[in-house]
Amino acid sequence: MNLPFHIQRPDRNQPEPLWHQTERALRALIADGTWPDGAQLRREHGRGTFVRSSTVIAGARGPTSLTQEMAERGLSVGSRILELSEIPADYAIASALEIRKGAAVVKLRRLRFGGGQPIGIQTAYLPAKRAPGLAGAGEPLVSLYATLRDRFGLVPQSALEVYRVGVLSAEDAELLEVAVGSPAFIVQRTTSDARGPYEFTLSTMRGDRYEIRSKLRM
């Protein structure tokens, strides 16, 4: 394979393992843009090696937004609103938000982008009384948390998250630009302030672009 760029060869005289030197050299080429996302590095019959797009890594943290998580990892952030409306709360939504069934809630469904590529679909439900006028705002909500803080004084104090593994439906797979049945993280979050829950969000995240890491103490 003849490559049009120079890869620093590992040095056997260095204490660092050869595989680690090679990994560091490859990562440097990706970081400086020599190998952009999707670039093919090695080609053989029936297969190839490609640069994978950046992955959002979720770990131990406070109640931060996906926008903040991506920004902290140097990824450009984007959103496309799929639905913004006011609907009556069903039993599950009402239970999560501790409101009566049938009470008005704002439904915000968005396609989220990280590094220019679709990474997940998020559907948020908020009591309409706590975010009056949000459904009719028609604004490009890049960060829901920032909007809730600045316009309605809603500041998260705690959040409960539940993760499970699932597969993508045909509709979600098309939006996320992957094959139907691809693996996904399904994340359920309920966010609260001093007055109680004010946000219930269901997120479907691409399994190849979202990762969870936890540091355990023994």
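The values are calculated or read from the model by the stated rules, or taken from the named source; none is laboratory data. Worth saying up front: this structure is predicted, and the values here are computed from it rather than measured. Neighbour counts are summed over all protein chains in view; Cβ atoms, including those assigned to glycine, are modelled from backbone coordinates with ideal geometry.
Residue check: is V178 under 25 Å from S95 (Cα atoms) and at pLDDT below 95? Before you say what the answer is, go through the steps one by one.
Values: under 25 Å from S95 (Cα atoms): no; at pLDDT below 95: yes.
When the stated conditions are applied, V178 does not pass them.
Specify the residue that is surrounded by the most Cβ atoms within 10 Å (Cβ to Cβ); the eligible residues are those in region 111-135 that are charged (D, E, K, R) and modelled with pLDDT of 95 or more.
Residue satisfying both the conditions and the ranking: R130.
Looking only at region 136-181, filter to residues that are surrounded by 16 or more Cβ atoms within 10 Å (Cβ to Cβ), touching a residue at least 12 places away in the same chain (Cβ under 8 Å) and small (G, A, S); which one of those is nearest to G78 (Cα to Cα)?
That would be S143.
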